[in-house]
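Student: The structure's right below; bear with me while I get my questions together.
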Amino acid sequence: MDKNKFRFWCNAGKAFVQNYKYNGLVDELFDPRDVILTSQQFVGILDKNMKEIFEGDVIKGIYGLEGFEIIGEVQYSYDKCAYVVDWHYEISDIEIDSLEIVGNIMMDYMYDESGKLVKQLDLS
């Protein structure tokens, strides 16, 4: 399993680019003011259905000793030096056998005006 794996979202095509030839210069390749492709890195773990979890995935799972269910976007926190769910919950504290990908922030979910994660409406 390659932890240095990326996938790339093409905003113009509204899809993930398949078989992109990545040369290791993610930050230098894409100007944030004119993003053609958005990179999402593999976090190094699989969900309960053996799917690779990437940044930007929306996951649900049982959190910590309290045992409550959380759902949120996987993001990297530079403050915690760890992958987190919605900036609060370290992914390492979620029960591994409860982790499940339920969507992706690019295709399935968005944040509303109050900052709450909500499912996108299918307008097609």
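The values are calculated or read from the model by the stated rules, or taken from the named source; none is laboratory data. Every value quoted in this text rests on a predicted model; they were computed, and no experiment measured them. Methodologically, a virtual Cβ is constructed for each residue, glycine included, from the backbone with ideal geometry; neighbour enumeration extends over all protein chains shown.
Student: Select from segment 1-44 the residues that are of a type in the set (Val, Ile, Thr) and in a loop (DSSP other than H, G, I, E, B) and write down the one among them that is modelled with the lowest pLDDT.
Tutor: For segment 1-44, the residue satisfying everything is Val35.
Student: Looking at (1) modelled with pLDDT under 90; (2) hydrophobic (A, V, I, L, M, F, W, C); (3) over 26 Å from Ala12 (Cβ atoms), find the lone condition where Leu117 falls short.
Tutor: Of everything listed in (1) modelled with pLDDT under 90; (2) hydrophobic (A, V, I, L, M, F, W, C); (3) over 26 Å from Ala12 (Cβ atoms), Leu117 misses just condition (3).
Student: Sticking with this structure for a sec: What's the number of the condition Met106 fails, among (1) more than 16 Å from Phe8 (Cα to Cα); (2) in a loop (DSSP other than H, G, I, E, B); (3) in contact with a Ser or Thr (Cβ under 9 Å, 6 or more places away or on another chain)?
Tutor: Unmet condition: (1).
Student: Please specify each residue of segment 50-68 satisfying the condition of being within 30 Å of Leu37 (Cα to Cα) and not β-branched (Val, Ile, Thr).
Tutor: Met50, Lys51, Glu52, Phe54, Glu55, Gly56, Asp57, Lys60, Gly61
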